[in-house]
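Structure record follows, encoded as structure tokens.
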């Protein structure tokens, strides 16, 4: 899990598919932002720059990821 610069705002989210274990916690926390690949079950980012209304769910997803495959970078102030 990486929360770089924890200022307000959704920022940009990315996923390291090499680290992903397919637990699906991100999809449960933020289904509008994350999905799982049908073939291998690994994370797929649907929305790289989530809206402000999705910010809390994205932060929850990043924190819940058991493999630390998700990164949320806050926009520069």
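Just so you know, all these numbers are worked out from the coordinates, no wet-lab data involved. Small disclaimer: the values here were computed from a predicted structure and weren't measured.
Taken over the alpha carbons of the chain as equal point scatterers, the Debye sum produces base-10 log I(q)/I(0) values at 0.22, 0.24, 0.25 Å⁻¹ of -0.88, -1.04, -1.13.
Across the chain, Cα pairs under 8 Å and at least six residues apart give a relative contact order of 50 percent.
For the chain, the longest principal axis of the Cα atoms and the long axis of helix 55-64 meet at an angle of about 50 degrees.
Its DSSP H runs of at least 4 residues, each contributing -39,500 (n - 2.57), put the calculated 222 nm mean residue ellipticity of the chain at -5000 deg cm²/dmol, to the nearest 500.
Among beta bridges from DSSP that stay inside the chain, the antiparallel ones total about 70%.
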